[in-house]
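What follows is a single structure, written as structure tokens, with notes after it.
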Amino acid sequence: MGEIEDAIERADREAFTREPPKTLKAQIGFLLKQFGSAKAVAAQLGVTADSVNRYRRGARKHARPDIAAKIDDTVKARWQPRVRKRRRQQAAASGGITVETRARFGYTAPVGTTDDGRFRRLTVHLPPQYAQRLFDARDTGASDQQMRGIIAEGFKEIYFQDGGGRAMGLSDVEINDIDYLDLDY
């Protein structure tokens with residue numbers, strides 16, 4: 001997973017109205033409801049169906065760390081899909097998306113101005129169309145670099161050009177060396 005996709009996942013998790021199951025037994029119970037059978041859960045996790053049934057019964061209280069991480073990730077990825085969908089639709093329709101980052105921004109500028117990239121800490125609210133483009137790109141399997149391009153384009157329009165009020169000669173903005181990136185919608 002790339003930095004942008006991780007940020008979208010974190011923003012999705014912040015939308016949960018209830019916490020996902022914590023115990024191994026409860027997590028397996030949830031996954032069994034989602035997938036329908038121990039065999040399907042086992043195939044998803046890379047374990048045997050017998051192991052899944054042992055977790056379900058409580059005969060095994062702890063999974064190996066790598067399997068426990070898979071179980072946790074699988075549960076969180078499927079937890080409250082309607083809440084996630086509603087929040088994304090709201091962001092794409094009217095709310096927009098807020099991007100907070102510290103990264104090196106470089107850009108192509110007219111002759112006589114500086115175009116040296118430098119670290120900036122920015123918090124910028126991007127309009128709904130950028131949220132929609134970002135979600136569409138993620139759903140179609142776009143690379144992290146492509147999603148960075150969408151965010152960089154939004155930064156160019158909203159932050160650097162101030163919606164058309166300045167820096168009109170600025171042609172390309174790039175985001176590099178991301179220290180952190182956080183999304184909220």
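The values are calculated or read from the model by the stated rules, or taken from the named source; none is laboratory data. Just so it is clear, the structure is predicted and the values come from calculations on it, not from any experiment. Quick reminder, even Gly has a Cβ in these numbers, built from the backbone with ideal geometry, and neighbours come from all protein chains shown. Please note that ligands, DNA and RNA were not included when accessible areas were found on the heavy atoms of the full protein model with its side chains. Shrake-Rupley method; radii C 1.70, N 1.55, O 1.52, S 1.80 Å.
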Calculate how steeply helix 144-155 sits against the longest principal axis of the alpha-carbon atoms of the chain, using the helix alpha-carbon long axis, and give the answer as 0 to 90 degrees to the nearest 10. 40 degrees
By how many nm would the segment from residue 50 to residue 129 lengthen if fully extended, with 0.36 nm per residue of separation less the alpha-carbon distance? 23.7 nm
With +1 on the Cβ of every Lys and Arg and -1 on the Cβ of every Asp and Glu, and nothing else charged, how large is the dipole of region 3-61 about its Cα centre, in debye rounded to the nearest 20? 720 debye
If the chain between residue 146 and residue 82 were fully extended at 0.36 nm per residue, the gain over the current Cα-Cα distance would be 20.4 nm
Which percent of the accessible area of the chain is formed by carbon and sulfur heavy atoms (probe 1.4 angstrom)? 47 percent
Helix 128-139 sits at what angle to the longest principal axis of the chain, using alpha carbons and giving 0 to 90 degrees rounded to 10? 50 degrees
For the chain, find the longest principal axis of its Cα atoms and tell me its angle to the long axis of helix 65-78, 0 to 90°, nearest 10. 70 degrees
For the chain, set up a GNM with springs between Cα atoms under 10 Å and report which of 65, 81, 21 has the largest fluctuation. 65
Low-density loop cleavage sites - trypsin sites (Lys or Arg not before Pro) in region 26-97, where at most 11 other Cβ are within 10 Å (DSSP): 61
Considering the zone a paramagnetic label at residue 60 would reach in this model (a point 7 Å from Cα along the Cα-to-Cβ line), which residues of region 15-41 have amide N under 20 Å from it? 21-41
Taking the Cα centre of region 19-110 as the origin, how large is its charge dipole in debye, to the nearest 20, when only Lys and Arg (+1) and Asp and Glu (-1) carry charge on their Cβ atoms? 320 debye
Where does region 1-136 land on the Kirkwood hydrodynamic radius, alpha-carbon pairs, in angstrom? 17.9 Å
In the Gaussian network model of the chain, springs joining C-alpha atoms below 10 Å, which of 172, 12, 50 carries the largest mean-square fluctuation? 50
